[in-house]
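Nothing in this text is a laboratory measurement; each read-out follows from the coordinates by a stated rule. Everything numeric in this text was worked out from a predicted model, so none of it was measured. Cβ placement follows ideal geometry from the backbone for every residue including glycine, while neighbour counts extend to all protein chains displayed.
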Amino acid sequence: MITNELLKPNNIVVVGGSNDITKPGGRMIKNLLEGDFPNLLVVNPKDDLIQGIKCHKTVDDLPNVDMAILCIAAKYTEDTVESLCSKKNCKAIIIVSAGYSEIGGEGKELEHRIVAICDKYGAALIGPNCIGMLTTSYHGVFAGPIPTLEDKGCDFVTSSGATACFIIEEAIMHGVSFASVFSVGNGAQITVEDVIEYWDNTYNPATSSNVKLIYIESVANPEKLLKHSRSLINKGCKIAAVKSGRSEAGSRAASSHTGALAGSDTAIDALFKKAGIIRCAGRFELVTVATILRNKELKGNNIAIVTHAGGPGVMLTDTLSDVGMKVPHIEGDVANELLTKLFHGSSVANPIDCLATGTPEHIDTILNYIENRFDAIDGTAVIYGTAGIFSPRDIYDIVHKHSQISKKPVYHIIPSPYLTQDEMREVFAKGHSCFTDEIAFGKALGKVYYANRPAKEESLAKIDVAKVRSIVDGAGNGYLPPDDVQALLDAAGIARAKEIVVTTKDASIKAATEIGFPLVMKVVGPVHKSDVGGVKLNIKDVDAVGATFEEMMRIKDATGVLLQPMLSGTELFVGAKAERDYGHLILCGLGGIFIEVLKDVQYGLSPINKDEALSMFRQLKSYKIIEGVRGQAGINQEKFADVLVHLSALLAAAPEISEMDINPLLGKEDAVVAVDARIRIER
């Protein structure tokens, strides 16, 4: 629970305050004082005066307090919290000390007891094991640096205090301000997801920050994170996040293609994509993205680059091209007119290079032309540094002016931050932000511009849920037999090729006559049929059927043979995998052996709607094949999307499905048909 006292307390007590500012209790008081918090109290039995503040010997000596910040050893905190909440009507507690659930055992039990006390008395608890909180009302952290705090700055929540310090420091170097910083530490009562929920429930577009930043190490409640992040973004917010812990130590054997391709980090990616969260690789990218989000919104992908140094302009051009942005060639009468206003040797072709001798007036003229004369340009990146020969202060003032008055975003890149420290401070003092690396900026701009919009919430496709449940309820754990797989596909409304499973040679010949030639025969039993010679194509007569049946039944673990008509089309793949706490991941790509060789897959978090399904396979590198290329017909994309949507409904009806492959699906202009499928049940 996040209380008013946590955000805007009338008074704050630091329990364990100190005169030694190298200790958490001392630094906490120093930061609060420097933030001009007006009503500060201190508890320490050893001192009468701490940093100029009269010191109380015990908590019992205090008047009623709104907030308490505990900078004392873990073993003393339980009794202190009880006294504060029960006797002093305290409604907000921040515990910065360590020694709780992060060490397990008794520490975990202690943490649980403290949470129970706070819950009992309706008090908010931040931490333990955190650096504290920052708001526009108070500087409640013991670690620095302290950024500029303003109502329209970024809201930031983090599960790591040290990482928060590094992110804030990077943000200061970009000129990014904050509205609040929640360092939740162990998240004993208030988690990262709870803070996002609070942001959503209290969001006011007129007064709230519209940029939210997240650093999270473990997603405790994916459903809550998805719900409130998606809601915030639909209200007009932008959210960027770092989720650490991408890799897994070691590897595990997977019995399906989907199992090998999907993992817990894939689920995080899918969750963020569905919510519309921009995922960043680290703190530098997070801050770079935040700086872009704090600027005016970019309406198109045509960028003008203005520079006095050719190399950075070329490198930014390359980077923007790599991420799908455009640096269009500028030519014609207006371009020629602009060229006459610059020094000889300048170029306006884009990048617009005004040379190292370019003046502030030249930069002013160029930016005026971009804003008012070059209609095809959607945004401008100005790269301007110094070699230490002169101060670029006047040029930075002009860039700042245009960033204020231009309808198009103006991104300011200063590649010489060491030599321009004084000028950058002046830029930041005006509320202007900047970047120091053109490559990082270019990558982040593409990530922001092409960020996913939150997926719409839509109802599931209609399938035969009763039939699905009867099959799944009657099945044991493990892979389902072919008959049950066929029945589930039918119940889910997923078109499939006719198939018959046989266990005798005579039955195989009878089935072949019923299906018709040519046909395909596949061994039943072994998981990876192709690896053991268990798939034979284009069988054209009865003799070949009998011989193939006998050959396949000699394969180890063979329990039968499946016969299907020989179909043609583009081989596609669809898969699903249950991911703990996240539900099911759905994957799609090209099928057959290409799923293993190319690993070109896209994924979404179930349930998915039609728009999500279409977006998934349209992001494949191999999408041109799906469209049709070099005279080869494409596939019916609507029907392919329907397969994903109906699969999503099947997974909702049968959450016991742990892994599932439909590989291949055969796609043609008029149909998409499942040829082979495997479904594994795990309860």
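On the beta carbon distance between residue 537 and residue 629, with R0 = 35 Å, the FRET formula returns roughly 0.90. Close amide H contacts of residue 178 (hydrogens built in the peptide plane, cut-off under 5 Å, sequence separation of 5 or more or a different chain): 148, 149, 150, 154. Extension gain for residue 33-residue 109 works out to 23.9 nm (0.36 nm per residue, less the C-alpha to C-alpha distance). For the stretch 41-46, putting each phi into the Karplus relation 6.51 cos²θ - 1.76 cosθ + 1.60 with θ = phi - 60° gives couplings of 10, 9, 10, 6, x, 9 Hz, in residue order, rounded to whole numbers and with x for Gly and Pro.
How much length is gained if the chain between residue 557 and residue 234 is pulled fully straight, taking 0.36 nm per residue apart and subtracting their Cα-Cα distance, in nm to one decimal? Don't skip to the end; give the middle numbers.
Values: separation 323, 0.36 × 323 = 116.28 nm, distance 5.29 nm.
That works out to 111.0 nm of additional length.
Computed from the C-beta positions of residue 329 and residue 401 and an R0 of 25 Å, the FRET efficiency is 0.35 to the nearest 0.05.
Taking a ≥ b ≥ c as the square roots of the eigenvalues of the Cα gyration tensor of the chain, is the shape rounded (a/c under 1.5), prolate (a/b larger than b/c) or oblate? Oblate shape, in that a/c is at least 1.5 and b/c is the bigger or equal ratio. Each peptide in 628-637, 516-525, 96-105 receives the mean, over its residues, of other Cβ atoms within 10 Å, and ordering these scores from highest gives 516-525, 96-105, 628-637. Toward the positive end of the charge dipole of the stretch 4-129, with +1 on the Cβ of Lys and Arg and -1 on the Cβ of Asp and Glu, the farthest Cα among 53, 94, 21 is that of 53. Residue ranges 312-321, 279-288 sort as 279-288, 312-321 when ordered by packing (mean number of other C-beta atoms within 10 Å per residue, highest first). For residue 125, what residues show an amide H to amide H distance below 5 Å, using hydrogens built from the backbone and excluding near sequence neighbours? Distant-sequence amide H within range of residue 125: 93, 190.
Summary of packing: across the peptides 136-144, 558-566, 52-60, the per-residue average of other C-beta atoms within 10 Å ranks them, highest first, as 136-144, 558-566, 52-60.
Gain on full extension, evaluated as 0.36 nm per residue between residue 220 and residue 151 minus their Cα-Cα distance, stands at 22.0 nm.
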